[in-house]
Amino acid sequence: MNILYLHGLDGDLAPEKRTILEEYGKVFSPAIDYRTEYNSIELLVEQYKNENIKVVIGSSMGGFVGYYIADAYNLPSLLFNPALHTRSVFQKIPVYKNPYLSFKQIILGLHDDVINPKSTFAFFSKNLQEHTNYHIYVRQDLGHRIPVDIFKQEIEAFFKKL
């Protein structure tokens, strides 16, 4: 299975997390400069269109980008603290109409001091997509950063649902 992992702003995929993901398939994790590339969603959609990606996973800014890439490809997604409501950098948001039922699992840290989980709920209250099954979880033990043990738990839970 091909997995597209999208890191957060100024981030990358930690080796420990890559190892966890590699238990489920081949991992594509591009280095993305969100600060200078305002069109990263469309560029990534074009870049990976022939890679037979099966799931999209992203964190923070990568969760934001992953949200739209999952729509473009009609793929299930796991998004950690996605920066859907507000972002510190500008990104062009394309419109992808998805007529098929898709699945998005969202993990929000109650103690996230970067992406306010209440703002994410506000985003969803205004932007629920008709053809999407949302599973939204608020973790009491989570801030913005995703510790390896929580990452592993959520990855396992996500793949069991597919």
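Read the figures in this text as sums done on the coordinates, not as results from a lab. Not measured: the values here are computed from a predicted model. So basically every Cβ, Gly included, is an ideal-geometry build from the backbone, and we count neighbours across all protein chains shown.
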query: When you scan the range 65-111, how many residues do you find that are aliphatic (A, V, I, L, M), touching a strand residue (DSSP E or B) at 6+ places or on another chain (Cβ under 8 Å) and more than 14 Å from Tyr134 (Cα to Cα)?
result: 3
message: I'm checking my understanding of the structure. Among residues of the range 22-73 that are in contact (Cβ under 8 Å) with a residue 60 or more places away in the chain and of a type in the set (Val, Ile, Thr), which one is farthest from Ile146 (Cα to Cα)?
response: Ile69
- request: Identify the single condition in (1) under 22 Å from Ile115 (Cα atoms); (2) in contact with a Phe, Trp or Tyr (Cβ under 6 Å, 6 or more places away or on another chain) that Tyr5 does not satisfy, given that it satisfies every other one.
  value: (2)
statement: In the set Phe103, Phe158, the lone residue that is surrounded by 14 or more Cβ atoms within 10 Å (Cβ to Cβ) and part of a helix (DSSP H, G or I) is Phe158
Test set (1) among the aliphatic types (A, V, I, L, M); (2) touching a strand residue (DSSP E or B) at 6+ places or on another chain (Cβ under 7 Å); (3) not in a helix (DSSP H, G or I) - Val114 fails condition number: (2)
query: Can you tell me which residues in the range 1-49 are out of contact with any Asp or Glu (no Cβ under 7 Å at 6 or more places or on another chain), part of a strand (DSSP E or B) and not aromatic (Phe, Trp, Tyr)?
result: Ile3, Leu4, Leu6, Lys26, Val27
- prompt: Can you name the residue in the range 53-89 that is in a helix (DSSP H, G or I) and of a type in the set (Gly, Ala, Ser) and is also farthest from Leu6 (Cα to Cα) among such residues?
  reply: Ala72
- request: Tell me which residues, restricted to the range 95-126, are in contact (Cβ under 8 Å) with a residue 12 or more places away in the chain and among the hydroxyl-bearing types (Ser, Thr, Tyr).
  value: Tyr96, Tyr100, Ser102, Ser119, Thr120
